[in-house]
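One structure is given here, and the rest of the page talks about it.
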Amino acid sequence: MSREALVELAALVRADDGLLAATVSETRTGPALEDANFNEEGLGALAASGSRARGHEHDYELLVEAIREGFQLHYGRGRVLAPEDPDLALLAGDRLYALGLARLAELGDIDGVLELADVIALAAQAQATGDGVLAEAVWRAGAAAIGWGSSADHVAAKALARGGSPGAANALQRAAESAIEPLRAR
């Protein structure tokens, strides 16, 4: 996780000066963020490290982190925003989904928009069945696909997840690993 991307996300929400601006947590975006453990593996950084993000690494990192924050607000606790009202948390999550997807569309990455839409849908499906492991595998594989591109294995793993297959999480993890293998080879 990039502290800088999350601090920038907080600044963007504050700049809107609307209802959500008041929900930015100073504790989570201040110095304490450096020491925080959000159980993240830097999904925005993972997407930004891929060849598909070349030249727009900062944009990719920020937009993936915005969408991830939206997901976390829908299903738990945000890293940047801390609305007390659960309805406002859902609204904030929707706003951050829209922010991230709009930024990706502005970059002209329609394949990326489709991939992140799949991530949102499949992770929500996993959350609905109480499968946090699958939700995290969806996120990691999705971030890898955003940065490095999709593959036949990735598409097949998403189909397993849609169908509720017990092997979906492992298939998604393998797809993510094979997508980022070129990164490790450097």
Handout entry: Rg/Rh (Cα only; Kirkwood hydrodynamic radius) as it applies to segment 1-108
Key = 0.95
Practice task
Any chance you could give the angle, 0 to 90 degrees and rounded to 10, that helix 110-128 forms with the longest Cα principal axis of the chain?
Solution key: 80 degrees
Problem - Degrees separating the helix 3-16 axis from the principal Cα axis of the chain, which is the longest one - result: 50 degrees
Practice task
Could you work out the relative contact order of segment 111-181, using alpha carbon pairs under 8 angstrom and six or more residues apart, expressed as a whole percent?
Solution key: 33 percent
Exercise for the section: Return the distance in nm (one decimal) between the two label points of a simple spin-label model at Ser151 and Arg14, each offset 7 Å from Cα along Cα→Cβ. Expected result: 4.1 nm
Completion exercise
Binned at 10 Å starting from 0, the alpha-carbon pair-distance distribution of segment 122-186 in whole percents comes out as 26, 54, 17, 3
Problem - Label-point separation, Ser165 to Asp85 (7 Å along Cα→Cβ), nm - result: 4.3 nm
Fill in the blank from the handout: Across Ile67, Ile120, Ile110, the residue with the highest GNM fluctuation in the chain (Cα network, 10 Å cutoff) is Ile110
Completion exercise
The exposure ranking of Tyr97, Tyr60, fewest beta-carbon neighbours within 10 Å first, is Tyr97, Tyr60
Problem - Scattering curve values for segment 51-186, log₁₀ I(q)/I(0), Debye with Cα scatterers, q = 0.12, 0.15, 0.17 Å⁻¹ - result: -0.45, -0.71, -0.90
Handout entry: Residue with peak Gaussian network fluctuation, the chain [Cα springs, cutoff 10 Å], from Asp17, Asp118, Asp94
Key = Asp17
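Coordinate-derived values only; no laboratory data. Model, not experiment: these values are computed from the prediction. Counting neighbours? That spans all protein chains shown, and the Cβs are built from the backbone with ideal geometry, glycine included.
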